[in-house]
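Okay, structure first, notes after.
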Amino acid sequence: MLKKIFNILYKYLKIDLSLKHLFLSVALYLVSAIYIIYVVFDFNEIYEFEIWISLFWIVILFVSITSISKSFFHESHNRNYYYYYLFSPSELIVAKLIYNFIFLLILFFIAILFYSFLLGNLFLSKHFFLLLFLGAFSISNCLTLISAISFQIKRNSVIIGILSFPIIIPILKILIDISKVSHINPSWNVIENDFYILILINIIAVSLSYILFNYLWKN
Amino acid sequence: MEELKNLKYIKLFSVSLLIYAFIGGFLFDVPALPILNESIRVLYFHVPMWFTMIFLLLISCINSFYFISRKKIIYDTKSYTYTSVAVFFGFLGILSGMIWAKFTWGSFWTNDPKLNGSAITLLIYLSYFLLRSSISDEIKKAKISSVYNIFAFAMLIPLIFILPRMTDSLHPGSGGNPGFNVYDMNAQLRMVFYPSVLGFIFLGIWISKLKLVLNVLKNDN
């Protein structure tokens, strides 16, 4: 099974490398969103941490929804038949979860680089990178099943936004809370509870994606 | 139909409990607390709404699970019906809470974990209805919406059962159980509160069963 998952991952990587516009379009979306914030807000005069961090996570929210919706949509119908005969659904969903996580992680690092380049990086700490890691992990876990659901509905690409916003709100709230609190007091005690809840949400999301994708995939 | 068999008893039980709850809720003595004053009586009506909503959503989630394991369309109709009644109760809960908040806190809405949780719950289930309406094929609709229903209900558990217990808020019962234990409830309040909860839950079940019969007849035609 592990070998098959690596095969699928390798295949996804090859597809993304050959169709460069998929990654580049999401990256350009990200860069333009950050540039809009740069034009609208003038952070050079007053650095307000709460606004700085909240805007960053909102950009992250939109970019991750766009990129993960692409992760299923770019699969053509024939290729899905091919996967259907070659792999079991549980292998596919595990590969998808891992791939989405790596994809989001790369995007988040591009985001923080560009964001801190344009809007100042006075608030970055080593905790923040850990938080980005955690954020990519939870957001990708929650959105993968949602994007599989909305992939089944052919004519509607808006639906993924509607389905994922309410589910992602708690995660985003926890992430913003952790980043605000850990900026003021970077000790483990203050973020401990929030961290455990995030882990709990991830466990629920991953196990349910693993179980429910079976039913979704058979057609 | 088998759904109609026990309906009469459910109706009688719920209505008699609710009549008692309404008379007791408005006329019995309540403890005189500062700020809350007589508005404490909203406890008898606001909290049971949420209990009913959660209970019906749980039944709906179980039915969705039955659908994906047993593949009978009736389970999906059941889960849809229970969800729609649950959302109705959720709206009633929000409305009663907002009126209470206006007179106690001075504003209809505040940024509070419990209020956010309820709003997000309603958003999730509204998007569930939207998902259903965007698919025309019956089997596909049932399958996809069941999967979403189970996922959404599981994601709600940390949101409404764990998060509010960890943060302080203005909402009564804060910093502990968001349910009823911490509400300095005395025997007077309990005497009306528990019958009211039971009455509203059975009212919800009664409405859902009637609506279910209606939905099944609609599907058959």
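Filtering the stretch B:106-120 down to residues that are surrounded by fewer than 18 Cβ atoms within 10 Å (Cβ to Cβ) and within 14 Å of chain A (Cβ to nearest Cβ), which residue is nearest to the chain's Cα centre (by Cα)?
To start, the set of residues in the stretch B:106-120 that are surrounded by fewer than 18 Cβ atoms within 10 Å (Cβ to Cβ) comprises B:106-111, B:119.
Adding the requirement that they be within 14 Å of chain A (Cβ to nearest Cβ) leaves B:111, B:119.
Working: B:Asn111: 21, B:Ala119: 13 Å.
So the residue we want is B:Ala119.
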>> I'm trying to understand the selection: among the residues of the stretch B:121-169, which are touching a residue at least 24 places away in the same chain (Cβ under 8 Å), among the basic types (Lys, Arg) and either more than 15 Å from A:Ile159 (Cα to Cα) or facing chain A (nearest Cβ under 7 Å) (or both)?
In response: B:Lys143
> In the set B:Phe65, B:Phe88, B:Phe103, which member is part of a helix (DSSP H, G or I) and under 16 Å from the mean Cα position of the chain (by Cα)?
Replying inline: B:Phe88
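Could we say that A:Ile167 is closer than 21 Å to B:Lys114 by Cα and under 17 Å from the mean Cα position of the chain (by Cα) here?
Numbers: closer than 21 Å to B:Lys114 by Cα: yes; under 17 Å from the mean Cα position of the chain (by Cα): yes.
Yes: the conditions hold for A:Ile167.
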> Which residues, taken from the stretch A:63-94, are charged (D, E, K, R) and either modelled with pLDDT under 70 or touching a Pro at 6+ places or on another chain (Cβ under 8 Å) (or both)?
Replying inline: A:Glu75
>> Against the conditions (1) within 23 Å of A:Ile204 (Cα to Cα); (2) modelled with pLDDT of 75 or more; (3) surrounded by 17 or more Cβ atoms within 10 Å (Cβ to Cβ), where does B:Pro178 fall short? Just the number, please.
In response: (2)
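Could you tell me which of the residues B:Phe51, B:Phe22, B:Phe26, B:Phe45 is exposed (fewer than 15 other Cβ atoms within 10 Å of the Cβ) and among the aromatic types (Phe, Trp, Tyr)?
Just one listed residue meets the conditions, B:Phe26.
The values are calculated or read from the model by the stated rules, or taken from the named source; none is laboratory data. Everything numeric in this text was worked out from a predicted model, so none of it was measured. Heads up, the Cβs are rebuilt from the backbone with ideal geometry, glycines too, and the neighbour counts pull from every protein chain shown.
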